Every structure is written in structure tokens, then in C-alpha cells.
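Only one structure is covered here, and it is reproduced in the block below.
The values are calculated or read from the model by the stated rules, or taken from the named source; none is laboratory data. Everything quoted here is computed from the prediction, not taken from an experiment. Here Cβ is always computed from backbone atoms with ideal geometry, including for glycine, and neighbour counts include all displayed protein chains. Protein only, heavy atoms only, side chains kept; ligands, DNA and RNA dropped before computing areas. Shrake-Rupley method; radii C 1.70, N 1.55, O 1.52, S 1.80 Å.
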2 protein chains.
Amino acid sequence: MSEAWLNKVNWSGDGLVAAIAQDAASGRVLMVAWMDREALKHTVLSGEAVYWSRSRKKLWKKGEESGHVQKVREIRLDCDGDAVLLQIEQQGGIACHTGRASCFFSRLENDQWVEVDAVIKNPDDIYKK
Amino acid sequence: MSEAWLNKVNWSGDGLVAAIAQDAASGRVLMVAWMDREALKHTVLSGEAVYWSRSRKKLWKKGEESGHVQKVREIRLDCDGDAVLLQIEQQGGIACHTGRASCFFSRLENDQWVEVDAVIKNPDDIYKK
């Protein structure tokens, strides 16, 4: 495919773009991660979210271990080109490595972060060694 | 106020955290920007979104010029602490400096970014000199 669209992304100095995954059905924001050029290209070609792991310094196919694959229904780019928004279908209903639906499970209440969302599945049962 | 909650944020090397603004009513993701410690503190104290402008290198009270203030209804932190999610009420219904509701107005269609959302108000009428 032509890669002109990839050149329109305003890659950071590290070659990354912020990627927000939003549940296409509920509208819930599930996670924020990063993509490099290859990750975004693979995401588009496969129709499933691929990120760049800054900690592991490698491509990270979401769900490769957990099975919690993200089917991508739409991709948007923001006005200054440094963030993409994915509308996704979250397989298993769990996006977070803690076993919760969303990574945003801590809410600020009276100067404290309070974990307000339930763990759906024990991470030990998700990431079997 | 105690600032212990601010210490739980996983500030980047630049002292920033990614901040996503989501419309509290519609669930639409409106923009992604950055906050430093002062910006997040001011946001909580004032109940209105304050960001850190990486280009201008200063605090940026959203709506200070445009009037498009963001009233903050909820703040969440993600599992690794490097992103916050704001549920906001967008004054004027316009978050983007282009005069659109959301900064995510370009959708990927057949290897092209297509501007799919209408301009609600001409930026020349928003940012009067």
C-alpha cells in the first residue's frame, strides 16, 4: 500500500504516536499506549491493534498472550497529528493487564486515587506461564 | 491540599502526563494534550482543564482565548500512571482550534486521512486578535 498516510502522522522524536483505544460500542476509553510506524502499519493491515512497548522495546500485538485482541473498526488522527484514536472491539471485555475492562480504573476522590472498577478475571488466570 | 495523589502519577522524564479529554455526556474523545504537575493541580483546584503547552512551554488554561473552557467532572488515572482521563463538559461544544467539536476529525479511509467532521465555527471568529 502507499505509505503517504503514514507520513502525515507527526511522529515524536522517538518515532512514536500516542494511541487511544476506545470501545466502539460503549464509548469507554480502555487504554492509552504508543505506536511506532510499523505498529500502526501492522494495525491497519491486520485490523487488530499492535502497539510499541516502550518498556520491552518491541512490537506488541495486543492480546498475544492474554487473547484479549482488539479488533479495529476505525482509526482517526488528531489535528496536530500526534495522537490516533482507535474504535475497537475488545475481545474478552478486558483491556487492562490487571484483569479490568479499562486501564482507567482509578478515580480521583478527595485527593485520593480510588480503584472503582472490579477485576473481571484474575491476571494469574490470564497470563499463564 | 495534600499532594500525595500527585506523587502517584508516573510523570515522564519531561515531567508530563498525557491527558485525554472525553465529553462526559456523549463519550466522544475530544482531544489529547499534556499536563505537568502544576497543570493537573490547577485543573483539580479550579475544576477546569489546564494543560501544559509543549510548543509554548507554559501553562495553558483551555479556553483562555476561545472561551471554550472545559468543566471537569471526573479524573481517572490509568494502571501505569502515565495517562489521565478527564470527563468534561465542553463549553461552546468546540474543543479543537480548527473550530470542530473534536480534534479527531480525520478518519483513515483507504490509506487516506479524510476530514469527516464539519467546522462548527470559523477559527477567525474564535481567536480574535
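Could we say that A:V50 is open to solvent by less than 20 Å² (accessible area, probe 1.4 Å) and not hydroxyl-bearing (S, T, Y) here?
Yes: the conditions hold for A:V50.
Can we say A:E65 is open to solvent by 30 Å² or more (accessible area, probe 1.4 Å), in contact (Cβ under 8 Å) with a residue 24 or more places away in the chain and at the interface with chain B (Cβ under 7 Å from one of its Cβ atoms)?
No: the conditions fail for A:E65.
Determine which single condition A:K61 fails, assuming it passes every other condition in (1) under 26 Å from B:L86 (Cα atoms); (2) touching a strand residue (DSSP E or B) at 6+ places or on another chain (Cβ under 9 Å).
Every condition holds for A:K61 apart from (1).
Quick check on region B:1-17: of everything there that is open to solvent by less than 30 Å² (accessible area, probe 1.4 Å) and more than 16 Å from A:L108 (Cα to Cα), which residue is farthest from the other protein chains (Cβ to nearest Cβ)?
Residue satisfying both the conditions and the ranking: B:G15.
Using the structure shown, decide if A:G27 is within 28 Å of A:I126 (Cα to Cα) and surrounded by fewer than 16 Cβ atoms within 10 Å (Cβ to Cβ).
For A:G27, the condition - within 28 Å of A:I126 (Cα to Cα) and surrounded by fewer than 16 Cβ atoms within 10 Å (Cβ to Cβ) - is met.
Please go through region B:74-129 and pick out each residue that is more than 8 Å from every other protein chain (Cβ to nearest Cβ), open to solvent by 70 Å² or more (accessible area, probe 1.4 Å) and in a strand (DSSP E or B).
Within region B:74-129, B:E89, B:E115 meet the criteria.
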